[in-house]
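**Q** One structure coming up, written as structure tokens, with questions to follow.
The values are calculated or read from the model by the stated rules, or taken from the named source; none is laboratory data. Everything numeric in this text was worked out from a predicted model, so none of it was measured. With ideal geometry, Cβ positions are generated from the backbone for all residues, glycine too; neighbour counts draw on all protein chains shown.
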Amino acid sequence: MPTDSYAPLRRPAFRRFLAGAQAVTLANQVLAITAGYHLYDLTHSAWCLLLVGLMSYLPIFLFSLPAGWAADHFDRRKVLSLTLCLHFSASAGLLALVLSDGPQWPWYPLLFLAATSRAFYTPSAVSLYPLLIEPGEMPRAVSWNSANYQAAAIVGPILGGLLLHHFGVAGALTFVGAGAVLYLALLPGLALLRHPPEPLVESLKDKVLGGFSFVWNDKAILGALSVDFVAVLFGGVEGILPMFQKDVLHCGPLGLGFLRAAMFAGALVMSFFMAHRPPLQKPGKIMLACVGGFGLCMLCFAASRNLYLSLLALMAAGMLDQVSVLVRQTLVQVRTPEGLRGRVQAVNFLFIGSSNELGEVESGLSAGLLGPVGSVVLGGVAVLVVVSLWAVKFPSLRDLPGLGPREKSP
């Protein structure tokens, strides 16, 4: 494995990929904070936030597997261009709705359309960048790609808060559309270092479920995906941060932006640290311990009534969560055959994207019944229980010696 931590960044195509990915992540973060802030400000209802989460989750559930098949059978750059056009169309529709002072209900189908573009975008994007680098550069590339995402995820909510404060909802939505346009301009520069193999002749079942079959048979990957899924499903708080901002911590839209950015700030710090250190020894044990620490941080966040303490708890949670993210992403990238990469990444996104978006639905539902603080306490306890169970149920993850390719059975 190369010892040069910056080897992937020396490749122009990979740098362009990171720039485009950051533009889209910024746009998605601004859209998320704008939708939550605007619709909650109109309705003052946790059920409204639940519906926003549902509109974000349903396309992931419905389209992730077809998106993975598309990523394995078509030029991934062409798939990305179509998804970016869809993303732009959704943002333009929302902007037209705001400028015309239209009704509230069309926001939800347009958010569904934006999430559909994301469902098709992610498997193609994540399975594209390994073709822009040498295979030995993969662990470093995973760290830099993750750091790039975290940087945009930090800036995005704060930028969204600033845009909302100074330019209103219309200004924020204009920025959302600009992100897709910028990435479209960068796509022609993504020259492949090598080309994927020709798609195999497969049965319909293998075309649709090939990614699931691979993940199911690799118990280390299955354990890593499922523990992240359940932990973020119950422990995530992003969907109800507008309630904490307004009803618990009493801070304005800029405070909401900092709350949404805090976990990503912690994750960014951890990404840079991990990019400059040797590969983890006993990564499975470390991952499980960090997921448990994430649950404890959520309990601390629930107990806090001080904005700065809340930000600190979320930053610590982001640092711990990022370790599990890097273990999971590296494990998936280095152990997946190229011909299955898109479909396995689709399964990965189905797990993780579902946990984020469905977690917003769960948070909105539990907050509607228990209040925001009760919702987070319930989630933190659930994370601790899940980690204890997974440590017993998935010994292949717990005892994982390293993050190299899966050893073949004799």
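**Q** Do we have residue 29 as surrounded by 19 or more Cβ atoms within 10 Å (Cβ to Cβ), closer than 20 Å to residue 182 by Cα and modelled with pLDDT under 90 here?
**A** Details: surrounded by 19 or more Cβ atoms within 10 Å (Cβ to Cβ): yes; closer than 20 Å to residue 182 by Cα: yes; modelled with pLDDT under 90: yes.
Against the criterion (surrounded by 19 or more Cβ atoms within 10 Å (Cβ to Cβ), closer than 20 Å to residue 182 by Cα and modelled with pLDDT under 90), residue 29 qualifies.
**Q** Counting only residues that are among the acidic types (Asp, Glu) and modelled with pLDDT under 80, how many does segment 317-347 have? Can you show your working first?
**A** First pass over segment 317-347, keeping only residues among the acidic types (Asp, Glu): 321, 338.
Okay, now just the ones that are also modelled with pLDDT under 80, so 338.
Qualifying residue count for the region: 1.
**Q** Looking only at residues in segment 290-316 that are among the polar types (S, T, N, Q) and surrounded by 18 or more Cβ atoms within 10 Å (Cβ to Cβ), which one is modelled with the highest pLDDT?
**A** Filtering segment 290-316 for residues that are among the polar types (S, T, N, Q) and surrounded by 18 or more Cβ atoms within 10 Å (Cβ to Cβ), the one modelled with the highest pLDDT comes out as 310.
Residue by residue, here is whether (1) touching a Phe, Trp or Tyr at 6+ places or on another chain (Cβ under 9 Å); (2) within 17 Å of residue 345 (Cβ to Cβ) holds:
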| residue | (1), (2) |
| --- | --- |
| 8 | yes, no |
| 52 | yes, no |
| 56 | yes, no |
| 73 | no, yes |
| 84 | yes, no |
| 89 | no, no |
| 102 | no, no |
| 108 | no, no |
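For (1) under 19 Å from the mean Cα position of the chain (by Cα); (2) at positive phi; (3) surrounded by fewer than 24 Cβ atoms within 10 Å (Cβ to Cβ), each residue gets a yes or a no:
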{"site": "41", "(1), (2), (3)": "no, no, yes"}
{"site": "58", "(1), (2), (3)": "yes, no, yes"}
{"site": "64", "(1), (2), (3)": "yes, no, no"}
{"site": "74", "(1), (2), (3)": "no, no, yes"}
{"site": "77", "(1), (2), (3)": "no, no, yes"}
{"site": "102", "(1), (2), (3)": "no, no, yes"}
{"site": "116", "(1), (2), (3)": "yes, no, yes"}
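**Q** Provide a single number: the residues in segment 272-288 that are out of contact with any Lys or Arg (no Cβ under 7 Å at 6 or more places or on another chain) and touching a residue at least 24 places away in the same chain (Cβ under 8 Å). So that I can check it myself, show each step before the final result.
**A** Step one: list which residues in segment 272-288 are out of contact with any Lys or Arg (no Cβ under 7 Å at 6 or more places or on another chain), which gives 272-274, 276-283, 286-287.
Those left that are additionally touching a residue at least 24 places away in the same chain (Cβ under 8 Å): 272, 274, 276, 279-283, 286-287.
The number of residues fulfilling the criteria is 10.
**Q** From the residues in segment 43-56 that are assigned to a helix (DSSP H, G or I) and hydroxyl-bearing (Ser, Thr, Tyr), which one is nearest to the chain's Cα centre (by Cα)?
**A** So, considering only residues that are assigned to a helix (DSSP H, G or I) and hydroxyl-bearing (Ser, Thr, Tyr), the one nearest to the chain's Cα centre (by Cα) is 56.
**Q** Ok, one more. If you check 36, 20, which single one turns out to be within 23 Å of residue 146 (Cα to Cα) and touching a residue at least 40 places away in the same chain (Cβ under 8 Å)?
**A** Among 36, 20, only 20 is within 23 Å of residue 146 (Cα to Cα) and touching a residue at least 40 places away in the same chain (Cβ under 8 Å).
**Q** List every residue pair whose Cβ atoms sit under 7 Å apart, with the two residues 6 or more apart in sequence or on different chains, where the first one lies in segment 393-410 and is among the hydroxyl-bearing types (Ser, Thr, Tyr) and the second, anywhere, is at pLDDT 80 or above.
**A** 396/219; 396/220; 396/223
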